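Only one structure is covered here, and it is reproduced in the block below.
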Amino acid sequence: MASVHLTGPRVAVAAKPVGGLRLPTPSIAVPTGRRRARELVVRAATVVSPKYTSIKPLGDRVLVKIKTSEAKTDGGILLPVSVQTRPQGGEVVAVGEGRSFGSNSIEISVPVGAQVVYSKYAGTELEFNDADHLILKEDDIIGILDSDDVKDLKPLNDRILIKVAEAEQQTAGGLLLTQANKEKPSVGTVIAVGPGPLGEDGSRKSLSITPGSNVMYTKYAGSEFKGAEGDYIVLRASDVMAVLS
């Protein structure tokens, strides 16, 4: 949930309900001479009015119930909200009717009830039935994950799941490297690939990259995850620069 910090005394502006959505009342900070500034937080969440009992996404959009953030460490220490891990997964609770390609209509490929992983910061957050939800486009969903280990992820569309090669532990001269000084690798092994992107006529084009291939990909691309057997990254096929052999 985004927060914007401003300084200055608060000036409240009344907000009217729009289409049944109850929006937070905005506050504007007005700087004034010698008055002591007070911190102000403006939150951009959308809260759905209790009189609405369902949400029906349109087009290629999907409604996901977000998993709860971790509030404690493994040792039981409570974490402040500012350092809690931002969830990147949840359960699909509703889908739109899909997309049209000329006379062809393509339904959403993600079924209701599926556990999915989505791109960080994608979509619009909203609170509905006392739970946090996210409404986003189908293309922002990285894949379906039915277990707790990212190695089991089933990528969607043109995305690829790669197990990242381990970083070098020491230099050519034999000096041990600290974690901070280890170079981020951009090489790994393909674990799984998606069914391919949709073409202009609605048909899918299979990816040329196959599981088991060793590839080099663009640095800082995709979404990174930690699995039980190491680090993984999910990125689009266009972010793969070369196949290594």
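The values are calculated or read from the model by the stated rules, or taken from the named source; none is laboratory data. The structure presented is a predicted model; accordingly, all values stated were derived computationally and were not measured. Cβ placement follows ideal geometry from the backbone for every residue including glycine, while neighbour counts extend to all protein chains displayed. The accessibility values were calculated without ligands, DNA or RNA, using every heavy atom of the protein model including side chains. Shrake-Rupley method; radii C 1.70, N 1.55, O 1.52, S 1.80 Å.
Using a 1.4 Å probe and ignoring any ligands, DNA or RNA, find the accessible area of Glu229 and quote it in Å² to the nearest 10.
That residue has around 110 Å² of solvent-accessible surface.
Sort Asp201, Asp148 by accessible area with a 1.4 Å probe, largest first.
Asp148, Asp201
Where in the stretch 131-168 does the label zone of Met241 land, with the point 7 angstrom along Cα→C-beta and an amide N cut-off under 16 Å?
Hits in the stretch 131-168 for Met241 at 16 Å: 165.
Report the accessible area of Val243, computed with a 1.4 Å probe over the heavy atoms of all protein chains in place, in Å² rounded to the nearest 10.
Accessible area, nearest 10 Å²: 90 Å².
Considering only protein heavy atoms, with the full assembly of protein chains and a 1.4 angstrom probe, order Leu198, Leu134 by accessible area, largest first.
Working: Leu198 45, Leu134 5 Å².
Solvent-accessible surface, decreasing: Leu198, Leu134.
What is the packing order of peptides 116-124, 95-103, taking the mean over residues of other C-beta atoms within 10 Å and listing the highest first?
Details: 116-124: 17.6, 95-103: 14.2.
Sorting 116-124, 95-103 by mean packing, highest first, produces 116-124, 95-103.
Order Tyr52, Tyr232, Tyr220 by their accessible area, 1.4 angstrom probe, all chains in place, largest first. Don't jump to the answer; show the numbers that get you there.
Details: Tyr52 85, Tyr232 5, Tyr220 170 Å².
Ranking Tyr52, Tyr232, Tyr220 by accessible area, largest first, yields Tyr220, Tyr52, Tyr232.
Over 21 Å between C-alpha atoms is what I'm after, so list which of Lys120/Lys205; Lys120/Lys219; Lys65/Lys154; Lys65/Lys163; Lys51/Lys137 land there. Display every interim value, and only then the final one.
Numbers: Lys120/Lys205 26 Å; Lys120/Lys219 17 Å; Lys65/Lys154 19 Å; Lys65/Lys163 28 Å; Lys51/Lys137 26 Å.
Violating the 21 Å Cα-Cα cut-off are Lys120/Lys205; Lys65/Lys163; Lys51/Lys137.
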